[in-house]
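I have placed the structure first, in the form of structure tokens, so that the comments after it can refer back to it.
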């Protein structure tokens with residue numbers, strides 16, 4: 001009996017300890033936050049200074065890390081605009097390509113060749129989503145198939161993302177985004193070879209950057225072919241359902257109807273979106289409609305220009321033409 005009295009309490013203690021370990025392991029970890037964030041647009045259509053084009057690129061500076069997001073539509077646009085804005089890209093190692101379209105990818109080889117002269121690691125690691133190298137036919141053939149060979153010949157590497165991943169503390173890449181809502185924000189007329197069949201190209205390799213900050217989530221998008229709402233819904237799921245401090249970049253809303261914009265605005269309002277810097281394919285009229293529908297102002301919802309800046313602490317600054 002004495003043995004039983006000793007063993008049973010020990011078993012109980014071990015059970016409690018094991019339960020505590022399970023509870024601790026099951027508790028969700030709090031994600032690190034970005035404390036300093038600056039995003040500068042280097043390629044878009046509207047320009048006070050520099051070169052405007054139908055394309056997109058932006059330099060991200062976050063807590064000591066620098067990332068180039070997309071590389072513009074023409075070989076020299078980002079190179080020349082960065083020089084004019086006195087921004088140094090030679091110490092940028094990581095590049096994000098939001099998807100395969102040439103208005104986001106063409107500048108990569110120019111930038112890699114130029115800056116690798118002084119720094120072999122410059123622009124040497126390119127993050128892409130699964131599907132970016134698939135064969136396409138029709139309106140948008142895939143330039144990334146040849147570019148992969150050319151880029152790897154310089155010693156660069158591609159990192160393929162199949163799911164969300166944290167590149168640096170508080171800086172997340174979505175990878176391919178599930179299409180929960182019927183946002184058909186991609187061009188028609190292209191088919192993609194899945195390996196077994198040719199099907200409509202919905203740009204499955206579309207991805208965005210999401211920053212987890214003390215002010216809320218910040219979204220940086222190239223074209224938003226997955227849909228801005230699908231992307232934010234996804235990010236709020238794998239990160240946290242925080243308010244959206246800012247949505248920045250291209251969201252492919254230039255041809256959206258009033259009904260589509262009203263629905264988009266209702267969801268953005270649900271996510272407590274505080275700022276929008278709509279560039280590239282977002283569309284000028286669409287930015288103004290979102291401003292009206294969301295009750296934002298000329299300081300918090302603007303058209304992106306070359307050199308426009310979003311700063312986590314001071315908000316949005318653009319060239320005079322967009323104010």
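Only the coordinates and a few stated rules stand behind these numbers; no lab work does. Bear in mind that the values here come from a model prediction, so they are computed numbers and not experimental data. FYI the Cβ positions are ideal-geometry reconstructions off the backbone, even for glycines, and counts take in every protein chain you see.
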Between helix 228-238 and the chain: long-axis angle, C-alpha atoms, 0 to 90°, nearest 10:
20
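Mind running the shape call on region 101-244? Use the C-alpha gyration tensor, a ≥ b ≥ c as the square roots of the eigenvalues: rounded below 1.5 for a/c, prolate if a/b tops b/c, oblate otherwise. Mind showing how you got there, number by number?
Details: a/c = 2.19, a/b = 1.12, b/c = 1.96.
Because a/c hits 1.5 or more and a/b fails to exceed b/c, region 101-244 counts as oblate.
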Starting from the eigenvalues of the Cα gyration tensor, five times each then square-rooted, give me the equivalent ellipsoid semi-axes of region 169-323, largest first, whole Å.
25, 18, 14
As a check on your grasp of the helix formula, calculate [θ] at 222 nm for the chain: sum -39500 (n - 2.57) over DSSP H runs of n ≥ 4, divide by the residue count, round to the nearest 500.
-8500 deg cm²/dmol
Helix 258-270 sits at what angle to the longest principal axis of the chain, using alpha carbons and giving 0 to 90 degrees rounded to 10?
40
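Classify region 264-323: rounded, prolate or oblate, from the alpha-carbon gyration tensor (a ≥ b ≥ c, eigenvalue square roots; a/c under 1.5 rounded; otherwise prolate if a/b is larger than b/c)? Mind showing how you got there, number by number?
Numbers: a/c = 1.95, a/b = 1.34, b/c = 1.45.
Since a/c reaches 1.5 but b/c is at least a/b, the shape of region 264-323 is classed as oblate.
Can you order the peptides 36-42, 49-55, 210-216 by their average number of other Cβ atoms within 10 Å per residue, highest first?
Numbers: 36-42: 22.1, 49-55: 18.9, 210-216: 20.4.
Result, highest mean first: 36-42, 210-216, 49-55.
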Say a paramagnetic label sat at a point 7 Å from the Cα of residue 292, along Cα to Cβ; which residues of region 218-262 have their backbone N under 15 Å from it?
256-262
Could you check the simple spin-label distance between residue 196 and residue 48, using points 7 Å along Cα→Cβ, in nm with one decimal?
5.4
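Express the Stokes-Einstein translational diffusion coefficient of region 29-179 in µm² s⁻¹, to the nearest whole number, given a Kirkwood radius over alpha-carbon pairs, 10 °C and a viscosity of 1.306 mPa s.
Details: Rh = 15.9 Å.
Calculated translational D: 100 µm²/s.
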What one gets for region 64-108 as the Kirkwood radius, inverse of mean 1/r over different Cα pairs in Å, is 10.8
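In which sequence would 91, 311, 201, 245 go, from the one with the fewest C-beta neighbours within 10 Å to the one with the most?
Ascending Cβ contact count within 10 Å gives the list 91, 311, 245, 201.
Does region 160-208 come out rounded, prolate or oblate by the C-alpha gyration tensor, with a ≥ b ≥ c the root eigenvalues, rounded set by a/c under 1.5 and, if not, prolate when a/b is larger than b/c and oblate if not?
In terms of gyration-tensor shape, prolate.
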Euclidean distance between Cα centres, region 98-157 to region 260-315, Å:
29
Just to be sure I understand the model, the point goes 7 Å from the Cα along the line to the Cβ. What's the resulting residue 314 to residue 299 distance in nm?
1.4
